[in-house]
1. Can you tell which of Leu121, Phe207, Leu109 lies farthest toward the positive end of the dipole of the range 85-223, using +1 and -1 charges on the Cβ of basic and acidic side chains (Lys, Arg; Asp, Glu)?
2. Mind ranking 95-104, 172-181 by how tightly packed they are, going by the mean number of other C-beta atoms within 10 angstrom, highest first?
3. Would you tally the net charge around Leu165, using a Cβ to Cβ cut-off of less than 12 Å, leaving Leu165 out, and scoring K and R as +1, D and E as -1?
4. Thr125 versus Glu186, label points 7 Å from Cα toward the beta carbon: distance in nm?
5. Place a +1 charge on the Cβ of each Lys and Arg in the chain and a -1 charge on the Cβ of each Asp and Glu, then give the dipole magnitude about the Cα centre in debye, rounded to the nearest 20.
6. In the chain, how many lysine pairs have Cα atoms under 19 Å apart, counting only pairs 8 or more places apart or on different chains?
7. Please compute the volume of the convex hull spanned by the alpha-carbon atoms of the range 6-220 and report it per residue in Å³.
8. Less than 20 Å from a label point 7 Å out along the Cα-to-Cβ axis of Ala135: which backbone N atoms in the range 170-188 qualify, by residue?
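The values are calculated or read from the model by the stated rules, or taken from the named source; none is laboratory data. It should be emphasised that the depicted structure is a prediction, and the values quoted were computed from it without experimental measurement. Neighbour counts run over all protein chains shown; Cβ positions are idealised from the backbone, glycine included. Protein only, heavy atoms only, side chains kept; ligands, DNA and RNA dropped before computing areas. Shrake-Rupley method; radii C 1.70, N 1.55, O 1.52, S 1.80 Å.
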Amino acid sequence: MKKPLSIAPSLLSADFAHLADEINRVSQAGLHYLHFDVMDGHFVPNISFGVPILKAINRLNSGLINDVHLMISDPLKYAPDFIKAGADIITFHVEACATHEEVISLINLLKKAKVQIGVSLKPATPVQIIERYLAMVDLVLVMSVEPGFGGQEFMPNALEKIRELVKIKQANDLHFVIEVDGGINEVTAPLVRASGVDIIVAGSYLFGHTDFKKRVELLQNDE
Ligand code: DX5
Ligand code: ZN
């Protein structure tokens, strides 16, 4: 029996004029994660939303896990604001940290705040860059698109990276979960599932359509 795949709908593709309804739809579909794609227009060439949106959604007490993906420069400086605003998971980009010391400081800050620690890799960043941190993190987010926009084409090199992470995890008895983000739909979901991913982020495939629940089932379908 294949392990169940968790789905984290990306708010980036939600209707920002009806966020409470959109989040209700996520809960009604029996999902447990909400993926917040925070973009600063500097680390990535797009600006999405920040702390005020997380704070407002946290006040809804949806019971969903606030899975915050920081596509921002200087994550160490801004992480405390997202912790205060209700982040349950904070995933930063290793490419946004100038030094090893900065990565360690951020990991320690998140650990102290009892927030789940995630580290993310852009498509061109090899797994080796984060190997030294894998025993310290709770989640690795493999980008299967260039970060910055929803609705992009899935990049297959993510599959090899997921397989590589699974191997390292098993060889070293590590506990981090593997999440993939970008271009996930009913065709690419089985591919990432077969590679060993635990959580999939999906934005444009889920939001902006009338059949949210049906689309969730299509992503969960493990034929
Ligand atoms: C990229 C974003 C997107 C988003 C998912 O920076 O992180 O990957 O979450 O978007 P879709 O599912 O539309 O590719
Ligand atoms: Zn994301």
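1. Leu109
2. Averaged packing, sorted descending, gives the order 172-181, 95-104.
3. Values: positive: Lys161, Arg163, Lys167, Lys169; negative: Glu131, Glu160, Glu164, Glu179, Asp198.
With Lys, Arg at +1 and Asp, Glu at -1, the neighbours total -1.
4. It works out to 3.4 nm between the two label points.
5. In total the dipole reaches around 500 debye.
6. For the chain, qualifying lysine pairs total 15.
7. Working: hull volume 23.7 nm³, N = 215.
For the range 6-220, the hull spanned by Cα atoms encloses 110 Å³ per residue.
8. Backbone N within reach: 170-178.
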